[in-house]
1. Could you point to the label whose value was computed as percent of Cα pairs over 24 Å apart for the structure here, given (i) 67; (ii) 51; (iii) 27?
2. When the helix-only estimate is applied to the chain (DSSP H runs of n ≥ 4, each -39,500 (n - 2.57), divided by the residue count), what is the mean residue ellipticity at 222 nm, nearest 500 deg cm²/dmol?
3. So, in Å, what gap is there between the alpha-carbon centers of the range 27-45 and the range 83-111?
4. Counting only C-alpha contacts under 8 Å and six or more residues apart, can you give the relative contact order of the chain as a whole percent?
5. Skipping prolines and chain starts, which residues have an amide H placed within reach, meaning under 5 Å, of the one on GLY54, given they are 5 or more residues away or on another chain?
6. Calculate the translational D of the range 60-114 in whole µm² s⁻¹ from Stokes-Einstein, where the hydrodynamic radius comes from the Kirkwood formula applied to all Cα pairs, the temperature is 25 °C and the viscosity 0.890 mPa s.
Amino acid sequence: MEITFRCPHCKSELSFDDLSKESSPCPLCSKDIPLKITERMRKENVVDQCAICGLDKLYEQKDFNRTFGIALFLLAALACVVLCWKNMVVLGYSVLIAAAAFDFILYRYLSNVVICYRCHSQYRKYSPKTVVLQFELGLLEKFDPLDKKAGAENPAAEWKQR
């Protein structure tokens, strides 16, 4: 299993794949990051809780770069507008259909990633025995504050209890 997370001290992005250790030192700030790895994670390669913050609320989604997806859509939409403006409507819509087909193929063949609601740690190369739910906006609002800089309390924090 490969774990990608942000250092709680310096916020740099780190990757970790040695599940036998109890902690991991950050290579940038040299502070020790305690890991909450369960026996099930070690023995069965199953994600049952977050190894960084210990939260058991996780969701699964496709491992797709969102920036690339938005860029693909915008490029196809811009090409369609330009082609329609030049009276090549069929070709313009063909570009949109081709972009949608490409997106569908990527979605079909990309692997999944498990993400923690609180600290957004990502888990790849895990066992198919891992059972997590699809994304729920209410749980994200509960565990991730709306305004982190102001330290505001999330009004939806008690909305969904599991």
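1. Given (i) 67; (ii) 51; (iii) 27, the calculated one carries the label (ii).
2. Estimated from H runs of four or more residues: -10500 deg cm²/dmol.
3. 42 Å
4. For the chain, the relative contact order is 23 percent.
5. Close amide H contacts, sequence-distant or interchain: none at all.
6. 203 µm²/s
Taken together, the values in this text are just the output of simple stated rules run on the coordinates, not laboratory data. Source: prediction; values computed, not measured.
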